[in-house]
1. Being modelled with pLDDT of 95 or more, in a loop (DSSP other than H, G, I, E, B), in contact with a Pro (Cβ under 7 Å, 6 or more places away or on another chain) and of a type outside the set (A, V, I, L, M, F, W, C): is that true of N372 here?
2. Can you tell me which condition D189 does not meet? The list is (1) within 24 Å of the chain's Cα centre (by Cα); (2) surrounded by fewer than 24 Cβ atoms within 10 Å (Cβ to Cβ), and all the others hold.
3. Looking at V113, V169, V89 in this structure, which one is on the phi < 0 side of the Ramachandran plot, surrounded by fewer than 24 Cβ atoms within 10 Å (Cβ to Cβ) and hydrophobic (A, V, I, L, M, F, W, C)?
4. Does any residue of segment 296-314 turn out to be under 16 Å from G158 (Cα atoms) and charged (D, E, K, R)?
5. Residues in segment 368-403 that are open to solvent by less than 50 Å² (accessible area, probe 1.4 Å), closer than 17 Å to S304 by Cα and in contact with a strand residue (DSSP E or B) (Cβ under 6 Å, 6 or more places away or on another chain): how many?
6. Among the candidates V113, V107, V75, V89, which residue alone is closer than 29 Å to P243 by Cα, of a type in the set (V, I, T) and out of contact with any Leu (no Cβ under 9 Å at 6 or more places or on another chain)?
7. Quick one: how many residues across segment 457-469 are among the aliphatic types (A, V, I, L, M) and assigned to a strand (DSSP E or B)?
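The values are calculated or read from the model by the stated rules, or taken from the named source; none is laboratory data. Predicted model only: the values in this text are computed from it and were never measured. All Cβ positions, even for glycine, are placed from backbone atoms using ideal geometry, and neighbour counts span all protein chains on display. Heavy atoms of the whole protein, side chains included, go into the accessibility calculation; ligands, DNA and RNA do not. Shrake-Rupley method; radii C 1.70, N 1.55, O 1.52, S 1.80 Å.
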Amino acid sequence: MRSTRLSILLSTVVLGVTLAPALAHAEPPPAPVFIDGQAQPVFDPADVVRENLWVRAPVDSDNDGVDDEVHIEVVRPRATEQGLRVPVVYQASPYYAGGNDITNHNVDVELYVPDSRGKPRAQMSSRYEQYFVSRGFAFVYAESLGSGASTGCPTTGGENETIGARAVVDWLNGRTTARDAAGAPLTADWTTGRTGMIGVSYNGTLPNAVASTGVEGLETIVPIAAISDWYDYYREDGAVVAPGGYQGEDADVLAEYVYTRADRQICKPVIEKIAAEQDRVTGDRNAFWDERNYLGDAHRVQASVLAVHGLQDWNVTTSQVVKWYEALAEHGVERKIWLHQSGHTDPVRLREQEWLRTLNRWFSHYLYGIENGIDQEPRATIQREDLSWADEADWPAPGTKDATVSLRQGGPARGVLAVGHPLRGKPRVERLTDDPTKTVEELVDLAASGHRLAYATSPARTAVRLSGTPVVDLTISFDRPAANITGVLVDRAPDGTSHVITRGWTDPQNRRDPGRTMPIRPGVPYRVSFELQPQDYVLDEGHTLEFVLLSSDHDFTLRPKPGAGLAIDLTKTSVILPVVGGQGSLRAAF
């Protein structure tokens, strides 16, 4: 690729001499330099202007009669004092001031049966600040409403948080006001207004939220391990679930954790309202969760999106990035997806040099307008199980088609997972009893158990690649009016060790609609379909693929008292797998 380079004009500086007005020439400010489409570190990251200010947001979420204010910190090259105008890399977060001690909800509870602190502000920092400031970008931090030195209240993804984060983009583009600590107005006359948002987890969710408003000036976002629908973070098809590692957390708990503004009373009614409206009883989708669903506003997105996610992320599960990516594709948004083999983390920790090269080229193109070709490259970058990387045209992998597997008797020990549709005829029923005290990993590895049903293929003759979202289709009955359902795909190696490929959950009371609880009559068979978490996974030659069905998932779902009975009809139960090559590839392997 031919290099693109913006050169700077060097001037001779004569110290101690005052030039006559007619002969004086202002030294031009330094300018950014680009080589091979990447911004180069030509600015001293220690020679910067730092400003703390408060941006007015057109919302009053703490109900004190005045608009909320977002506390931000601007870090920009000192050359902007000489007339240089730079774009902005912007990271909003509720975490800069730390978090409060909180108590999660008790999850050892029975399932619902329907009737027929102010802390000192921590220093804002990011591993990306010096990297981008030295290359001619400004870096802006913003404390989300209700956190740190911002006013307003935290609402765990509510509309006010979107408005607050968006207000910073508006200020950078001259559409709202800001003040310093003394109350003096400040304008962003040092920027071009072109803004890119980046962040991990909650900090990556806020870019999704702001982009979903279509705000002018937000040119691109890089959401890493980010949420696109808060319902799917704390619920799953009517089931109350938890983000991995945080059993019992919910929207009210997270709001309380990040509620770090000095006034410790003003937001209590807001958090109490969250606790009431989130509905941990039925788990139904409702207006509270609809407000926190950005997928429905994907048609408003004008920014390009570089979506990054770990295939082993069980905090923010892969459905969050996949549904977002699919929604963006439906509306023709410029996009790229990066999938890596780690968990809830920033890829800079995994492949720093290559990730920073991609990120640099991405921001150089979308914020500086450098034609480096990144928008013409393959849309998908995927890290494989051996930690190698591959670029592909898109995701799911081209050539992926649905392939059906069905269950044969023997599930309490280990029945057969057969390629093809279920055998028809007289019902063949197999049963399990719920035991929430045991983890999925424990149940999967038992040779036989009454608490799960397991079905396995023969060892694979050739490798099989899954790329997409598996779907479980059950005909199932219950001996109680409420139960959890959990489905798991497992890779079992020739030495007997196992690895959970993916899993998913549902509440059979929401079998028709996540927003509507419908009673279950014990003993009556119901058709229940649900998705497992999306995955891109290669099952190696010689390994077996297993499907395991259980009720409660100790690490994710509510944990009622043991004993609920589930019975499936094998003649009307199947699993649909997204297989590269479809049914033919599956038959060739097994």
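1. Details: modelled with pLDDT of 95 or more: yes; in a loop (DSSP other than H, G, I, E, B): yes; in contact with a Pro (Cβ under 7 Å, 6 or more places away or on another chain): no; of a type outside the set (A, V, I, L, M, F, W, C): yes.
No, not satisfied.
2. (1)
3. Details: V169 fails: surrounded by fewer than 24 Cβ atoms within 10 Å (Cβ to Cβ); V89 fails: surrounded by fewer than 24 Cβ atoms within 10 Å (Cβ to Cβ).
So the residue among V113, V169, V89 that is on the phi < 0 side of the Ramachandran plot, surrounded by fewer than 24 Cβ atoms within 10 Å (Cβ to Cβ) and hydrophobic (A, V, I, L, M, F, W, C) is V113.
4. So the first thing to find is which residues in segment 296-314 are under 16 Å from G158 (Cα atoms), and the list is 296-297.
Still in the running and charged (D, E, K, R): 297.
Yes, segment 296-314 contains a residue that is under 16 Å from G158 (Cα atoms) and charged (D, E, K, R).
5. 5
6. Working: V107 fails: out of contact with any Leu (no Cβ under 9 Å at 6 or more places or on another chain); V75 fails: closer than 29 Å to P243 by Cα; V89 fails: out of contact with any Leu (no Cβ under 9 Å at 6 or more places or on another chain).
Result of the check over V113, V107, V75, V89: V113.
7. Filtering segment 457-469 for residues among the aliphatic types (A, V, I, L, M) gives 460, 463-464, 466.
Now drop any that are not assigned to a strand (DSSP E or B), which leaves 464, 466.
Number satisfying all stated conditions: 2.
Matching residues to (1) within 24 Å of R480 (Cβ to Cβ); (2) open to solvent by less than 10 Å² (accessible area, probe 1.4 Å):
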{"site": "F530", "(1), (2)": "yes, yes"}
{"site": "D536", "(1), (2)": "no, yes"}
{"site": "E541", "(1), (2)": "no, no"}
{"site": "L549", "(1), (2)": "yes, yes"}
{"site": "R559", "(1), (2)": "yes, no"}
{"site": "V580", "(1), (2)": "no, no"}
{"site": "G584", "(1), (2)": "no, no"}
